[in-house]
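J.: Have a look at this one.
Here, each number is a calculation from the coordinates, and none is a lab measurement. Everything quoted here is computed from the prediction, not taken from an experiment. Don't worry about glycine lacking a Cβ; one is built from the backbone with ideal geometry, like all the others, and counts go over all protein chains shown.
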Amino acid sequence: MEEIEGKSEIERLRMNCETSHRERLNGGMVRKRDRHNSMEACRCYSRPPRRTANHSHPWLLICHGQERQRQTFYDLLEDRYYTKIVADMRNKYCYSTNISEWLVLEDKDSLECQLWNINSSCTVKIPSSGEDVTNCMFILSSPPQGDTNGHIMLIDRDKNILQFCALGEDAFQQRTIGLQNHDERFDYGVVFKGAIYLMTSYCTLFEVKIVAASSLQVTELTSGDLSNLRPPWIYSFQHYLVESNDELLLVLRLMSVVTRKTLNFLVFRMNLSQRVWERVKSLGEKTLFLSADGTNTLSFPPSDPRMKKNSIYYALGKQRSLYLFDMEDHSISILLPCPIVNRRSSEFKWIMI
């Protein structure tokens with residue numbers, strides 16, 4: 001079993017033919033050296049790519065296959081993909097958190113969940129929520145490390161139920177948040193300057209603080225009226241909430257009502273003292289990374305020229321392409337991270353390796 005590294009179909013067929021030919025020459029027997037190499041290949045195939053540079057950078061994780069049992073890792077810098085079946089992710093559903101090194105893995109049989117670090121393979125058990133987590137968000141107050149484990153919050157996007165606990169505890173506390181509109185729900189969540197910020201489908205922004213072991217302080221900061229932020233002729237848009245170092249950003253992807261084609265991006269920063277969104281015309285040295293459903297976002301200051309600054313990498317649902325929007329000239333480029341995945345049965349997630 002060998003690692004697939006973005007090779008063409010012809011190259012893969014040639015490799016398979018050569019492998020079969022060698023096996024026939026050896027009479028079906030594997031020599032000791034070949035057996036050692038095969039075991040090493042299996043280990044490489046069953047673990048995520050390892051960090052090779054001195055610092056981490058965003059990768060695209062694509063979960064695909066009928067049961068999404070395969071993982072393809074796309075390296076933006078190298079423009080190369082690696083398809084694997086990671087042992088720790090077998091028979092697991094995979095969910096993003098706001099901290100891109102940590103994923104939530106749910107066992108398909110027992111439905112038990114655990115946090116899993118994609119770089120170290122460390123795990124942290126999560127209490128059972130008693131809910132279907134398929135349409136939930138997972139928010140970590142801080143990366144789990146040592147005795148300062150912080151809190152985890154699970155947001156049910158269908159019922160607007162917030163469940164939270166300190167990592168290491170055996171049960172979640174629960175609170176239901178009543179929203180103004182009957183069809184309004186929580187869409188996105190990030191951690192910014194020690195507080196959790198949640199945005200609804202109507203673009204209402206809430207600040208949530210865990211003030212005691214079983215108490216939440218919830219404050220509505222802005223209403224959902226964005227009519228003064230977007231052009232009056234734009235009726236269709238997707239919004240994203242992004243934590244960007246010292247800024248809390250709102251990103252609007254403006255779309256054609258008829259074709260749903262992306263027309264433009266608008267970016268705003270939150271002025272917390274005045275509780276208003278302020279227009280940002282340039283990201284400067286930063287680059288934003290947006291998932292298809294908006295629950296998984298990243299902000300990163302690239303030091304490598306192969307990753308474009310002042311730009312937005314974004315994915316769309318049921319597509320296997322990745323798009324790049326240039327904030328300076330408003331151009332859109334199309335990338336194909338992995339041509340072998342099925343667009344209807346794949347999920348894109350941004351991670352840090």
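J.: Amide H neighbours of residue 122 under 5 Å, at least 5 residues apart or on other chains, H built in the peptide plane: list them.
T.: 117
J.: Which whole-Hz ³J(HN,Hα) couplings does the stretch 95-104 yield from phi under the Karplus relation 6.51 cos²θ - 1.76 cosθ + 1.60, θ = phi - 60°, glycine and proline marked x?
T.: Once θ is set to phi - 60°, the couplings for the stretch 95-104 become 10, 7, 10, 6, 9, 6, 7, 10, 10, 9 Hz.
J.: Set the bar at 24 Å for Cα to Cα. Now go through 281/308; 84/349; 84/318; 193/261 and name every pair that lies beyond it.
T.: Working: 281/308 16 Å; 84/349 15 Å; 84/318 21 Å; 193/261 35 Å.
In this structure, 193/261 lie more than 24 Å apart at Cα.
J.: Give me the net charge for the shell around residue 116: Cβ to Cβ below 10 angstrom, other residues only, Lys and Arg +1, Asp and Glu -1.
T.: On the way: positive: 92; negative: 88, 101.
With Lys, Arg at +1 and Asp, Glu at -1, the neighbours total -1.
J.: Another question, then. I need the trypsin sites (Lys or Arg not before Pro) found in the stretch 285-353, filtered to DSSP loop residues with at most 10 other beta carbons within 10 Å of theirs.
T.: Details: sites: 286, 306, 308, 309, 318, 320, 343, 344, 349; in loops: 286, 306, 308, 309, 318, 320.
Those satisfying the criteria are 318.
J.: Within 12 Å, Cβ to Cβ, of residue 103, how many net charges do the neighbouring residues add up to if Lys/Arg are +1 and Asp/Glu are -1?
T.: -2
J.: Check which residues have an amide H placed less than 5 Å from residue 84's amide H, if you skip close sequence neighbours.
T.: Distant-sequence amide H within range of residue 84: 71, 72, 73.
J.: Can you tell me how much longer the chain between residue 88 and residue 135 gets when fully stretched, taken as 0.36 nm per residue apart minus their C-alpha distance, in nm with one decimal? Spell out each step's value before the answer.
T.: Values: separation 47, 0.36 × 47 = 16.92 nm, distance 2.21 nm.
Taking residue 88 through residue 135 to full extension adds about 14.7 nm, to one decimal.
J.: Also: So which trypsin sites (Lys or Arg not before Pro) in the stretch 149-258 are both in a DSSP loop and have at most 15 other Cβ atoms within 10 Å of their Cβ?
T.: Values: sites: 157, 159, 175, 185, 193, 209, 253; in loops: 157, 159, 185, 193.
In loop regions of the stretch 149-258 (DSSP not H, G, I, E or B), the sparsely surrounded trypsin sites (Lys or Arg not before Pro) are 159, 193.
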